[in-house]
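The values are calculated or read from the model by the stated rules, or taken from the named source; none is laboratory data. Bear in mind that the values here come from a model prediction, so they are computed numbers and not experimental data. Here the Cβ positions follow ideal geometry from the backbone for every residue, glycine too, while neighbour counts run over all protein chains shown. When the accessible area is computed, the model is the full protein with side chains, heavy atoms only, and any ligands, DNA or RNA have been set aside. Shrake-Rupley method; radii C 1.70, N 1.55, O 1.52, S 1.80 Å.
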Amino acid sequence: MLQLVKEFIQQLFSFSQDNPLLFTQFHFWVFFALVLALFAPLGRRCLQRNAWLFFVSVFFYWKTSGLFTLILLFLTFYNFFAGKAISGRKTDRGRTAVLIISIIVNLSILCYFKYAYFITDLVNRLLGTSFAVFDVFSWVGNAVTGSTRFSVDSILLPVGISFYTFQAISYIMDIYRRRIAPVHNILDFGFYVSFFPQLVAGPIVRASEFIPQLYKPFFLGRRQFGIAVFWILNGLAKKIILSDYIAVNFIDRVFDNPTLYTGFENLMALFGYSLQVYADFSGYTDIATGVAMLMGFYLPKNFNSPYKAPNPGNFWKRWHISLSKWLQDYLYIPLGGNRNGTFATYAVIIAIALIGTFLSGSWIVAAVVAVLAAAIGAVAWLHPEKRRKIVTNLNSMDTMLLGGLWHGASWNFMIWGGLNGLGMVVYKFWKDWNVYTRTAVLMIVCGALAALTMVYPQPVFNMFLVWAGIILAGTLVRLFYRLSGGTGEWKKLENCWAVFQTFVFITFTRLFFRSGSNLDPALANETAWATARNMVGQIGGPWAVSQIPVICWEYRNVFLLIIFGMLIHWLPENFKRRYRIWFAKMPLPLMAVSVVAVVVIIYQFMTADFQKFIYFQF
């Protein structure tokens with residue numbers, strides 16, 4: 001009997017990479033039930049409650065990430081005392097010095113784990129060296145234990161390190177800006193940094209928004225309880241029914257071997273991935289929101305129907321809102337925002353352009369970069385009134401490039417971020433043009449692409465030509481309507497067309513995002529680029545149109561789920577709000593029956609293979 005108890009305790013407190021403590025696993029909900037059972041009597045005693053949640057959050061991270069818990073604890077203790085040091089300095093110079101040191105410490109740890117392979121590869125290619133990564137932490141671990149238990153030849157990425165590092169930085173920045181006072185108790189601060197619902201995949205909680213909640217007694221009204229349960233069920237349905245099912249049964253297969261599938265299948269996999277990544281990430285956020293709400297805490301809204309966005313800039317106000325606001329406050333505005341340019345504005349864009357040009361090894365890329373730089377410089381010199389707009393666009397581009405790099409240490413993520421930045425910049429010019437200018441520009445673009453497909457045939461030019469042709473067709477309709485004297489309101493139709501075009505653009509950029517995901521950092525750049533190139537080759541190459549009906553029938557369940565998911569996404573927000581409230585007002589017995597029914601339906605879609613949340617790797 002004692003042996004069984006001992007084995008149970010060992011299993012309970014041991015870390016298993018094959019059985020992490022995640023929302024889609026049954027044992028997470030057992031863990032959460034135990035957390036609530038001991039949380040209930042502490043609800044109004046803030047210090048004891050926060051201490052308990054800090055302890056279970058650390059335990060949660062241990063069961064998710066093992067020894068990387070030491071990194072979380074180090075950053076917790078370091079930033080707690082850094083915040084006190086910033087607050088305690090009497091002069092601005094002293095406060096700034098502590099802030100700079102603290103940011104360097106936080107970003108150094110993040111960069112070591114997340115960008116070691118990327119930086120090593122970059123140095124080797126620039127200098128012709130053959131450096132290899134070396135895991136210092138594993139080396140220390142081996143020295144302490146007197147063994148060779150830990151491998152020093154590879155560096156693993158701690159789950160969620162970007163999220164809790166950014167939260168720590170927001171804490172010391174908000175103290176520096178005097179938005180908040182430092183937390184006096186390490187247990188309270190530890191709870192803020194490690195709160196388990198959002199610890200490993202966000203949303204990124206700002207100190208000024210969350211820390212005041214640390215000192216509020218627990219309160220959960222009847223309607224809040226119903227909304228919390230709704231968010232949990234909604235998130236589980238998104239993750240398991242939409243994200244996991246279409247990924248396992250279609251999307252992952254195509255991305256793993258693009259050349260084995262037709263151009264139509266590759267294109268559908270790309271559009272399907274847009275739904276998958278949204279359902280996966282927003283599903284995690286929904287569950288985290290519901291779990292936190294059951295304990296009386298409120299997390300910031302992280303998604304606002306992003307595929308309803310009519311332009312790329314609006315998309316980033318709807319997608320991963322907590323990251324977008326963090327980048328705006330702590331990167332875009334310090335770079336100069338829409339006011340002016342700083343040294344960093346030009347340093348970032350020039351460094352990335354030069355490195356990208358060198359690594360490409362292409363004179364064409366070098367020529368394009370040089371022409372763009374000359375054109376931007378000439379416009380700024382000849383038209384001083386446009387310099388502010390140019391600087392604003394440069395700051396936006398820098399923010400998106402660095403935001404892309406935040407997502408992963410791969411050039412594919414840089415390309416993805418750069419394309420999103422380019423889309424935002426192009427739209428700023430596009431919205432200022434009238435229909436005649438737009439038509440003329442699109443005709444020139446289509447003519448140039450048509451010439452390229454004849455002189456230098458490439459699948460990517462075929463893709464761009466078709467897309468530009470579709471945009472031109474819509475613009476021509478508007479032009480002919482204007483010339484015929486039409487004066488009716490086209491606002492709804494125009495908005496639908498803009499939403500469709502934005503969705504297509506965002507989906508295309510996701511080609512580079514998905515190609516760089518779920519890869520060994522040592523192989524990420526080469527493998528990701530090969531995947532993206534192969535998919536472009538299939539989509540932009542010749543299609544076997546006669547096979548499309550057969551493909552649609554073969555994957556009918558997947559395609560129907562994709563259509564169903566997008567239709568739900570595009571429902572009016574007021575309608576969604578009404579059925580959330582309707583669910584929250586249900587009598588408790590009826591709500592319990594509904595919960596059981598939904599769980600049974602979700603269970604039917606569960607896949608045999610364990611599917612992690614996509615944003616765990618970030």
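Odds and ends about this structure:
- In a residue-by-residue description of the range 14-25, the property of being over 24 Å from residue 207 (Cα atoms), surrounded by fewer than 20 Cβ atoms within 10 Å (Cβ to Cβ) and modelled with pLDDT of 80 or more applies to at least one position.
- Just one residue in the set 442, 394, 401 is under 30 Å from residue 483 (Cβ atoms) and of a type in the set (A, V, I, L, M); that residue is 442.
- Candidates 433, 411, 467: the one that is within 30 Å of residue 543 (Cα to Cα), of a type in the set (Phe, Trp, Tyr) and without any contact (Cβ under 8 Å) to a residue 60 or more places away in the chain is 467.
- You will find that of 89, 177, 95, the residue that is under 30 Å from residue 296 (Cα atoms) and at pLDDT 80 or above is 177 and no other.
- Count - residues of the range 384-416 that are aromatic (Phe, Trp, Tyr) and open to solvent by 20 Å² or more (accessible area, probe 1.4 Å): 1
- Flag if residue 109 is out of contact with any Cys (no Cβ under 9 Å at 6 or more places or on another chain) and in a helix (DSSP H, G or I): yes
- Exclusive hit being acidic (Asp, Glu) and open to solvent by less than 20 Å² (accessible area, probe 1.4 Å), set 256, 329, 244: 244
- Exactly one residue out of 252, 244 is more than 30 Å from residue 591 (Cα to Cα) and assigned to a helix (DSSP H, G or I), and it is 252.
- The range 552-597, subset touching a residue at least 12 places away in the same chain (Cβ under 8 Å), farther than 19 Å from residue 267 by Cβ and of a type in the set (A, V, I, L, M, F, W, C), residue most open to solvent (accessible area, probe 1.4 Å): 570
Here is a yes/no grid of residues against (1) at pLDDT 90 or above; (2) under 28 Å from residue 318 (Cβ atoms); (3) in a loop (DSSP other than H, G, I, E, B):
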| site | (1), (2), (3) |
| --- | --- |
| 559 | yes, yes, no |
| 564 | yes, yes, no |
| 579 | no, yes, no |
| 582 | yes, yes, no |
| 586 | no, no, yes |
| 598 | no, yes, no |
| 602 | no, yes, no |
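- Filter result (under 25 Å from the mean Cα position of the chain (by Cα) and open to solvent by less than 20 Å² (accessible area, probe 1.4 Å)) within the range 207-225: 207, 210, 211
- Candidates 195, 191, 163, 218 - the one that is touching a residue at least 24 places away in the same chain (Cβ under 8 Å) and under 30 Å from residue 597 (Cβ atoms): 218
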